[in-house]
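Report on the following structure.
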Amino acid sequence: MLIKYRKASDILGSEITSKTDFDNRRKFLKTAALAGVGMAASTLPMPAFAARTPLANVQKTQWNTASLPENDKINDYDDVTGYNNFYEFGTGKRDPYENAQDFEPTPWEISVEGACRKPGKISFEDLTKPHMLEERVYRFRCVEAWSMVIPWVGISLGDVLKRFEPTEDAKYVSFETLFDPERMPGQKRAVLNWPYKEGLRIDEAMHPLSILAVGVFGEVMPNQNGAPVRLMVPWKYGFKSIKSIVRIKFQKSMPATSWNESASREYGFYSNVNPLKSHPRWSQAKERRIGEIFKRETPMFNGYEEEVAHLYEGMDLTRWF
Ligand SMILES: Nc1nc2c(c(=O)[nH]1)N[C@H]1C(S)=C(S)[C@@H](COP(=O)(O)O)O[C@H]1N2
Ligand SMILES: [Mo]
């Protein structure tokens, strides 16, 4: 058996419950929240939702569990899927879990445009079809100075991009999340310039660590984590890893990004994890691993320095933050 974190058969009997049970739980959670009952994410009951489906053909790679240092333990499933940032479903850490359950991520299409010879639309099924899915256990560092270790399932972003034959003009790649306020109710409030937008330099996008993630813990991506497909670039702050992608565009100029548009002094285009460059309102030198009490030091490029430092040779990373 390839995936050993959490088998579908373990989940089926014990946790998949009826819609009524689920609604009752949601009511309970709301009441508990109103009553100010504090609960750790990991003690909350899991709801039943369509996403608890195992993925087939997942292979382990050099980035699987075995490659992580002893002190980097995979976070609990309940933390990975219950403590999220996904403003399309609310700005609280618990909101995506609570509000994204009814989101329907199928059918799904991504439009690939711009400086490439073969632009077009690609369905989620076609996107993932020719690839063997890979498990990649990555450290994940949010700009808010918390972190987790997450076993993603994904495909190489570079392999996908090459299918569209980018041209010489493709210096950057931009990404956009679905814009549909009826399905993503957080978009009814102007907390960001919707749709959520992100971007990478083409060499960053083509780097073997960059993936399009379609699952976690060997299962189909839960809605709150960015179903059905999201970016995962582990040496950058978490907000670069845009969720629920519907558009990818090759372009000559540096793409606009939602967080940079909202606060350019705080969020630059590169957003590489850098303990030496403070956020204007807090230090980035340390982080709290979710599930731990004491802070850890944040490593340069989130610990992926050996793999990615060459991409930024000669650049002043305090200027290009
Ligand atoms: N579309 C979209 N993508 C997004 C976000 C968001 O609000 N909307 N939040 C980002 C931030 S700040 C983080 S830390 C990660 C969180 O990913 P996770 O919830 O799977 O841990 O998603 C990123 N991608
Ligand atoms: Mo974040």
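Structural descriptor for region 13-312: relative contact order 19 percent, calculated from alpha carbon pairs under 8 angstrom and at least 6 residues apart. For region 13-312, the solvent-accessible area with a 1.4 angstrom probe is 43 square angstrom per residue. The value of relative contact order for region 84-128, using C-alpha pairs under 8 Å at least six residues apart, is 23 percent.
Beta bridges per DSSP, both residues in region 13-312: antiparallel share near 80 percent. Per-peptide packing, taken as the mean over residues of other Cβ atoms within 10 Å, places 251-259, 115-123, 151-159 in the sequence 151-159, 251-259, 115-123 from highest down. With the charge dipole of region 13-312 set up from +1 on Lys and Arg Cβ and -1 on Asp and Glu Cβ about the Cα centre, the Cα lying farthest toward the positive end among the listed residues 54, 101, 143 is that of 143.
Taking a ≥ b ≥ c as the square roots of the Cα gyration tensor eigenvalues, region 13-312 comes out rounded, since a/c falls below 1.5. Per-residue 3J(HN,Hα) values for region 289-305, derived from phi via the Karplus relation 6.51 cos²θ - 1.76 cosθ + 1.60 with θ = phi - 60°, read 5, 4, x, 10, 9, 8, 6, 10, 6, 8, x, 3, 6, 6, x, 9, 4 Hz in sequence order (x marks Gly and Pro). Of the solvent-accessible surface of region 13-312, computed with a 1.4 Å probe and all protein chains present, 53% belongs to carbon and sulfur. Here region 182-246 yields Rg over Rh of 0.99, to two decimals, using C-alpha coordinates and the Kirkwood radius. Charge tally around residue 223: other residues with Cβ under 13 Å, Lys/Arg +1 each, Asp/Glu -1 each, net -2.
The values are calculated or read from the model by the stated rules, or taken from the named source; none is laboratory data. This is a predicted model, so every value here is computed, not measured. With ideal geometry, Cβ positions are generated from the backbone for all residues, glycine too; neighbour counts draw on all protein chains shown. Quick note on the areas: whole protein, heavy atoms, side chains included, nothing else; ligands and nucleic acids left out. Shrake-Rupley method; radii C 1.70, N 1.55, O 1.52, S 1.80 Å.
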